[in-house]
Amino acid sequence: MKNPKEADTEIGLDSDEEIKNEAGEESISRDDEELTQLVLDQQKQLEELEKQVEELRQSNLRKTAELDNMKKRMQRDRAQIYESAKAAAIEQFLPVNDDLKRTLKAIEDSENQSESGVEDAVKMIFNKMQDVLQHYDVQLIDQTGVPFNVDLHDALIRQKTGDDNVESDTVMEILENGYRMGDRTIRHAKVIVSE
């Protein structure tokens, strides 16, 4: 048998151990909560950083696309300016070309063939002019009997035709030739159109 003092001491020891165990468990559970909160905070920061990285990546992609679009637009504008300048320069030579053509026709229609030296010179100049126009892909608009096209023709006169087979708005006569360069009309042909 144990004496009562020893029994009290054993009971005291047991309750001290229980108190220590409970305090340790509280300390451990508090440490667990702190660690859990720390992990959650770190995960939240990581998610925010990943979100910022994605936003920066998207922004970079948009800026790269904008830069590519700007380059393409500049190239297109540059080509358009070049074509416009080329068309404007060639347009200045078209009246000279027309005058040369009329001069050749007048010389050929003339009864006086003693001016054959002049005719040869004018033909030579005219042929050189045709070569230049051909080099720049300039085409003559001089077809009759075709439907009137506002992109190619400028109607100066509308006339009734004696032929019932000719449809309305058909080019009957070219008063002044027109010219195209590629898809662009440099000068509209001045025409007489059927009613």
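Values quoted throughout were computed directly from the atomic coordinates according to the rules given, and no laboratory measurement underlies them. Since this is a predicted model, take the numbers as computed values, not measurements. FYI the Cβ positions are ideal-geometry reconstructions off the backbone, even for glycines, and counts take in every protein chain you see.
A residue that is over 29 Å from Ala89 (Cα atoms) and part of a loop (DSSP other than H, G, I, E, B) cannot be found anywhere in the stretch 186-193.
Just the residues that are among the acidic types (Asp, Glu) and touching a residue at least 60 places away in the same chain (Cβ under 8 Å), please, taken from the stretch 68-89. Within the stretch 68-89, just Glu83 meets the criteria.
With the requirement that a residue be out of contact with any Lys or Arg (no Cβ under 9 Å at 6 or more places or on another chain), within 27 Å of Glu83 (Cβ to Cβ) and surrounded by fewer than 17 Cβ atoms within 10 Å (Cβ to Cβ), what does the stretch 165-189 give you? The answer is Gly182, Asp183, Arg184. Annotation: of all residues in the stretch 136-164 being closer than 19 Å to Arg102 by Cβ and in contact with a Phe, Trp or Tyr (Cβ under 9 Å, 6 or more places away or on another chain), the one that is surrounded by the fewest Cβ atoms within 10 Å (Cβ to Cβ) is Leu140. Only one entry of Ile81, Ile107 meets the criterion of being touching an Asp or Glu at 6+ places or on another chain (Cβ under 6 Å) and within 30 Å of Met181 (Cβ to Cβ), and that entry is Ile107.
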